[in-house]
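**Q** Pasting a structure below so you can have a look.
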Amino acid sequence: MSARLPVHIDPIRFADTCRSIEGSMPLLGMDRLANSLSSADSSVEIALDFGLGERGFRIMDLSIRGSLQLVCQRCLGTVDWPLTINSVVALVRTEAQIERLPDHYEPLLVEPQPMQLMAIVEDEILLALPVVAFHPEEQCQLAHAIDNRPLPKEEEPRQFAALAQLKDQLKKR
Ligand SMILES: [Zn+2]
């Protein structure tokens with residue numbers, strides 16, 4: 001793993017010089033993502049390779065890996081959600097360029113000033129999030145509670161039987 005990640009990047013210059021950056025990025029500080037997280041106390045591993053792609057577009061080959069802790073919308077507990085993002089992002093400067101992109105390129109409108117790396121990564125994670133997060137049924141507290149509601153039918157007769165037995169004993173006295 002490389003040294004610290006830069007706070008700001010100049011994507012166009014990075015592409016022209018074929019730079020690569022990789023490292024561990026904490027989720028803490030990603031304010032837009034925070035709403036969907038049950039805990040931001042983890043990091044994602046990122047790897048970005050800049051260079052030239054099809055049709056002369058400058059590209060950023062991006063990989064993000066990690067595990068997010070989302071909020072289950074059924075029981076409000078924590079869902080561990082594995083995150084794997086692999087995408088090729090074309091660095092464009094105008095909206096018009098977006099129309100000429102090959103289909104498998106995702107556009108990133110590059111600003112003239114250096115861009116915040118964390119915001120770029122956060123955008124990618126937000127795009128990859130599920131619309132609603134749920135535990136699998138067998139792990140969800142609430143689904144579990146519904147499936148195993150009290151009143152197990154077997155126990156009722158047994159309780160009544162015990163009561164009847166007690167009554168019998170009282171009568172015999
Ligand atoms: Zn749940």
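The values are calculated or read from the model by the stated rules, or taken from the named source; none is laboratory data. Predicted model only: the values in this text are computed from it and were never measured. Neighbour counts are summed over all protein chains in view; Cβ atoms, including those assigned to glycine, are modelled from backbone coordinates with ideal geometry.
**Q** It is to be established whether one or more residues within region 25-40 are farther than 27 Å from Trp81 by Cβ and outside any loop (DSSP other than H, G, I, E, B).
**A** So far as region 25-40 goes, no, none of its residues is farther than 27 Å from Trp81 by Cβ and outside any loop (DSSP other than H, G, I, E, B).
**Q** Take Ile46 and tell me if it is crowded, with 19+ Cβ neighbours inside 10 Å, assigned to a strand (DSSP E or B) and not hydroxyl-bearing (Ser, Thr, Tyr).
**A** So Ile46 fits the description; yes.
**Q** Spot the failing condition for Ser67; the list is (1) more than 16 Å from the ligand (Cβ to nearest atom); (2) surrounded by 16 or more Cβ atoms within 10 Å (Cβ to Cβ); (3) among the hydroxyl-bearing types (Ser, Thr, Tyr), and only one is missed.
**A** Only one criterion in (1) more than 16 Å from the ligand (Cβ to nearest atom); (2) surrounded by 16 or more Cβ atoms within 10 Å (Cβ to Cβ); (3) among the hydroxyl-bearing types (Ser, Thr, Tyr) is unmet by Ser67, namely (2).
**Q** Among the residues of region 70-99, how many are more than 16 Å from the ligand (Cβ to nearest atom), surrounded by fewer than 15 Cβ atoms within 10 Å (Cβ to Cβ) and within 30 Å of Gln139 (Cα to Cα)?
**A** Residues meeting the conditions: 3.
**Q** Identify, by number, the condition in (1) away from the ligand (no atom under 16 Å from the Cβ); (2) without any contact (Cβ under 8 Å) to a residue 40 or more places away in the chain; (3) within 19 Å of the chain's Cα centre (by Cα) that Met118 doesn't meet.
**A** So the condition that Met118 fails would be (2).
**Q** Can you confirm whether Ala119 is of a type in the set (Gly, Ala, Ser) and at pLDDT below 85?
**A** no
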